[in-house]
Each structure stands twice: as structure tokens, then as C-alpha cells.
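*Asks:* Before I ask anything, let me first share the structure, which is written out below as C-alpha cells.
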Amino acid sequence: MQNLRICSSILILGLLFPVTAAEIRVVTEHLPPYQIDQPGVAAGFATDLVRQTFQGAGISYQIEFQSWSRAYQLALRDPDTCIYSISKSKDRLPLFQWIGELSYNTTAIYGLASRTDIQLQSLEQAKQYVIAVTRDDVTHHYLRKHGFEEGKNLYLLENVTSMLNVLAGRRQGIDLLIINETILKYRAQESGLALADFRKLLVLPDLPLDFHLACSLKTSNDTVQRLRQSLQVMKTDGRFDKIVAGWSEQLR
């Protein structure tokens with residue numbers, strides 16, 4: 001019965017939204033387990049959600065992997081361009097057309113477990129150390145807003161692929177990073193490191209990493225509305241939860 005309801009939802013959306021001719025450029029970064037750049041195919045549970053959203057809306061699309069900074073700038077500038085997984089901060093609210101939330105995460109400042117000399121009770125205390133973040137990521141903008149300075153206590157990376165190795169190797173004098181536990185777990189595995197090598201030092205409740213799908217302001221209203229409705233139908237008919245649950249099994 002559940003499968004019948006899901007098929008009916010897809011059929012209804014297909015009737016409401018015939019496939020469009022214009023192809024949407026969807027930009028993202030390699031950020032396991034949300035989006036994974038595998039040879040010849042994009043994977044990850046956010047990717048699965050985005051793929052289903054576009055298919056349900058009857059919109060042709062092409063996923064491209066870029067550095068986060070380039071993906072962000074493309075989505076700010078170009079028409080018919082969407083981006084994921086992007087955090088919906090107050091400052092970013094007027095910069096994009098927001099389709100919907102893909103996942104919600106809390107974030108924290110982490111250091112090496114071996115660095116017992118570092119103890120943090122506040123973000124202000126973290127200013128005496130160097131924190132690594134991804135350029136144009138919400139964590140970059142957050143730290144700048146709170147008085148951190150590039151070249152002093154803020155070190156920018158083009159992507160998070162090497163973030164843990166940079167910290168573990170203590171290159172460039174990096175002491176800390178901001179990340180959520182799900183990403184940390186995957187990055188540690190990719191880098192041949194153990195989760196136990198890192199220690200959570202300070203939770204940042206005012207910096208939720210609520211990942212969304214969003215589109216540029218130059219993307220047509222028709223495309224945006226179709227995507228919003230498609231994603232909402234997925235959440236209503238159970239497909240959204242089914243995809244997340246399937247990936248959750250792999251994250252344990």
C-alpha cells in the first residue's frame with residue numbers, strides 16, 4: 001500500500017509538471033555523506049533527495065561538483081542554477097530562492113584529542129587559536145561576523161577534503177576546525193584517522209547546519225515552485241524519510 005501511495009504521488013506530479021526543456025545546473029561540493037563525488041556518478045543521501053526532487057518536478061538537471069566557494073558564487077550569479085547542501089543563515093536569506101530543508105545538524109568546534117592544552121568555554125576564547133574553515137561556507141561567514149580575521153586566527157580552505165589531515169598534521173599552525181559529527185565521522189574514515197583522534201571542545205547552538213536546496217534569484221519562479229512542491233510531496237508520502245532512514249543505517 002505504501003509503494004502504491006508513492007507511485008501515485010509520482011504519477012500526479014508527472015501529470016501536473018511535464019518535463020521542461022531547460023536544464024538546470026545543480027552545483028555542489030564533495031561532502032560525504034551528504035554529497036559524494038564518485039567516478040561517473042553523484043551519490044550521498046542529500047544527492048538522492050535532490051535527484052528525487054527534480055525528477056518529481058519533471059525538471060531536467062545536471063549535477064556538477066566544484067569547490068564550495070565556486071559553487072556558491074555560481075549559484076549567486078547565474079540563472080537556472082541551484083545549489084546544495086547549503087545552510088540557510090539570516091544573512092543568506094535574501095540571496096537565494098530556498099526550496100526546502102534536506103537535513104538538520106548541530107555543529108561544534110573540534111580539536112585534536114592530544115591537544116589537552118586547549119580548553120574552550122566560549123567562542124571568544126577560541127580567538128587565541130587558528131580555526132580552519134571552508135571559504136564562503138556558513139562557518140567562514142559566521143566567524144568573520146564574530147571578529148575572526150583571515151591571516152590571524154582564521155585559515156581558509158577551498159574544500160574540506162584535506163581539513164582533517166591539515167589539522168592532524170598541524171600544518172600552517174592550525175589548531176581547530178568547525179564541523180558536525182556526521183561529516184567528521186566520514187572525513188576521519190576517508191583520511192585514515194579515528195574519530196577518537198578528535199575532541200569536541202565547544203558546541204555552537206547559534207550555528208545550526210540546516211542543509212537546504214536553494215536556487216539562484218535568476219532561476220524562474222515556475223522552476224522554484226515546482227521544486228518546492230515536489231520536495232513537499234516527498235516529505236508527505238514518506239519517500240523523504242525512507243531515503244534518510246536508508247542512509248542512517250550506513251552512518252551507525
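The values are calculated or read from the model by the stated rules, or taken from the named source; none is laboratory data. This is a predicted model, so every value here is computed, not measured. Note that each Cβ is placed from the backbone with ideal geometry, even for glycine, and that neighbours are counted across all protein chains shown.
*Asks:* For the stretch 174-192, what are the residues that are more than 20 Å from the chain's Cα centre (by Cα) and at pLDDT below 80?
*Replies:* Result: GLY192, single match.
*Asks:* Identify all residues within the stretch 137-155 that are at pLDDT 90 or above and within 14 Å of TRP68 (Cα to Cα); write none if there are none.
*Replies:* Those that are at pLDDT 90 or above and within 14 Å of TRP68 (Cα to Cα): THR139, HIS140, HIS141.
*Asks:* Tell me the residue from ARG144, ARG135, ARG115 that is free of Cβ contacts under 8 Å to residues at least 12 places away in the same chain, of a type in the set (Lys, Arg) and assigned by TED's automatic domain parsing to the domain that holds GLY192, please.
*Replies:* Working: ARG135 fails: free of Cβ contacts under 8 Å to residues at least 12 places away in the same chain; ARG115 fails: free of Cβ contacts under 8 Å to residues at least 12 places away in the same chain.
One residue alone meets the criteria, ARG144.
*Asks:* Let me ask something else about it. Say whether the condition of being modelled with pLDDT of 85 or more and surrounded by 13 or more Cβ atoms within 10 Å (Cβ to Cβ) is met by at least one residue in the stretch 12-25. Break it down into steps so the answer makes sense when it comes.
*Replies:* First, pick out the residues of the stretch 12-25 that are modelled with pLDDT of 85 or more: 23-25.
Then drop every residue that is not surrounded by 13 or more Cβ atoms within 10 Å (Cβ to Cβ), which leaves 24-25.
Yes; the residues of the stretch 12-25 include at least one that is modelled with pLDDT of 85 or more and surrounded by 13 or more Cβ atoms within 10 Å (Cβ to Cβ).
*Asks:* Right, something else. Mind listing whichever residues of the stretch 57-73 are of a type in the set (A, V, I, L, M) and more than 17 Å from HIS141 (Cβ to Cβ)?
*Replies:* Looking only at the stretch 57-73, we keep the residues that are of a type in the set (A, V, I, L, M), and these are 57, 59, 63, 71.
Listed by number, the residues that qualify are ALA57, ILE59, ILE63.
*Asks:* State the number of residues belonging to the stretch 49-74 that are in a helix (DSSP H, G or I) and buried (at least 20 other Cβ atoms within 10 Å of the Cβ). Before the answer, list the steps.
*Replies:* The first filter runs over the stretch 49-74 and keeps only residues in a helix (DSSP H, G or I), leaving 49-57, 68-74.
Then drop every residue that is not buried (at least 20 other Cβ atoms within 10 Å of the Cβ), which leaves 49-50, 53-54, 56-57, 68, 71-72.
Qualifying residue count, the stretch 49-74: 9.
*Asks:* Out of all the residues in the stretch 188-197, is one or more assigned by TED's automatic domain parsing to the domain that holds CYS82 and of a type in the set (Gly, Ala, Ser)?
*Replies:* Step one: of the stretch 188-197, the residues assigned by TED's automatic domain parsing to the domain that holds CYS82 are none.
Checked the stretch 188-197: no residue is assigned by TED's automatic domain parsing to the domain that holds CYS82 and of a type in the set (Gly, Ala, Ser).
*Asks:* If you don't mind, there's one more thing I want to ask. From GLY100, GLY58, which residue is modelled with pLDDT of 95 or more and touching a Pro at 6+ places or on another chain (Cβ under 8 Å)? Step through it out loud before you land on a result.
*Replies:* Working: GLY100 fails: touching a Pro at 6+ places or on another chain (Cβ under 8 Å).
Exactly one residue qualifies, and that residue is GLY58.
*Asks:* Also, I was wondering about something else. Could you grab the pairs with beta carbons closer than 8 Å, sequence gap of 6+ or different chains, first residue in the stretch 30-57 and on the phi > 0 side of the Ramachandran plot, second one of a type in the set (Phe, Trp, Tyr) and surrounded by 20 or more Cβ atoms within 10 Å (Cβ to Cβ)?
*Replies:* Pairs that qualify, where the first residue is on the phi > 0 side of the Ramachandran plot and the partner is of a type in the set (Phe, Trp, Tyr) and surrounded by 20 or more Cβ atoms within 10 Å (Cβ to Cβ), are GLY44/TYR34.
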